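The values are calculated or read from the model by the stated rules, or taken from the named source; none is laboratory data. Just so you know, these numbers come straight off a predicted model, no measurement behind them. Cβ: placed from backbone, ideal geometry, glycine included. Neighbour counts: every protein chain shown.
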Amino acid sequence: MISVLWRGERLRSAEHCTLADAGGGHRLSGTVLLPVGASPGWVAYRVDADDRWRTRAVELAWSDGAATRRRSIVADGDGRWTVDGVAAPALDGCVDVDLGFSPCTNTLPIRRLVPAAGEVARIRAAWVRFPEFTVEAGAQSYERLGEARWAYRSGAFAAALTVAPSGLVIDYEGVWTAVAGPSPAHAAAGAPLPGPLPGPLPGGP
């Protein structure tokens, strides 16, 4: 099990995230403290992926201090999705979920994709918007710049990512920074970033 604490610059957030093995696959779970509108709020999430790092289930709960809401997203791993039990054909072809309030889900395509340095991998992701919590498909790309560096693009947005060997984000240019957890020095030293694992991560609950 690996944990990280992120500070969010744009969302004024603090987040604790854990990456662990679960049920033959992988699980990202965490809590984000941040303003929701003008109120103090929080978001709790759990993202389950299979052994190929494809999103299979997402559970969300969030509150603006007045009410707590929930959202359940399920994927079959082959590009078909449901949101709160209702088929979502607009998401057909998506393999990854992208939580708009967290850098945690960048780990999924980073672990699943294995482009060589300088190559670009293009995906469709089920993007959970914040603060709306609506889900829509979006085209994204990941260019591998080196062992620990990636260029992420979505529409007109672009950012450089620095990641730990686990695939967890250390620095998401101008948006999120790890303040505790995976070592930036480890990534800067050129430790290799592994590709998809043949099985679950060792350890964990």
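Annotations for the structure displayed:
- Enumeration of residues in region 22-64 that are of a type in the set (Asp, Glu) and modelled with pLDDT of 95 or more: Asp48, Asp50, Asp51, Glu59
- Strands (runs of 3 or more DSSP E) contained in region 38-103 and holding at least 2 residues surrounded by 21 or more Cβ atoms within 10 Å (Cβ to Cβ) and under 16 Å from the mean Cα position of the chain (by Cα): 39-49, 55-63, 68-75, 96-99
- Members of region 93-106 that are touching a residue at least 40 places away in the same chain (Cβ under 8 Å) and either within 16 Å of Ser29 (Cβ to Cβ) or touching a Lys or Arg at 6+ places or on another chain (Cβ under 9 Å) (or both): Gly93, Cys94, Val95, Asp96, Val97, Leu99, Phe101, Ser102, Pro103, Cys104, Thr105, Asn106
- All positions within region 107-130 that are closer than 23 Å to Trp176 by Cα, charged (D, E, K, R) and either touching a residue at least 24 places away in the same chain (Cβ under 8 Å) or outside any strand (DSSP E or B) (or both): Arg111, Arg112, Arg124, Arg129
- Filtered residue count, region 104-127, keeping only those that are over 16 Å from Ala49 (Cα atoms) and buried (at least 21 other Cβ atoms within 10 Å of the Cβ): 0
- Tabulated pairs, region 11-25, first farther than 20 Å from Arg54 by Cβ and in contact (Cβ under 8 Å) with a residue 12 or more places away in the chain, second assigned to a strand (DSSP E or B) and aromatic (Phe, Trp, Tyr), C-beta under 6 angstrom, 6+ apart or interchain: Glu15/Trp6
- If you go through region 2-37 and keep only what is over 25 Å from Cys94 (Cα atoms) and not in a strand (DSSP E or B), you end up with Glu9, Arg10, Leu11, Arg12, Gly37.
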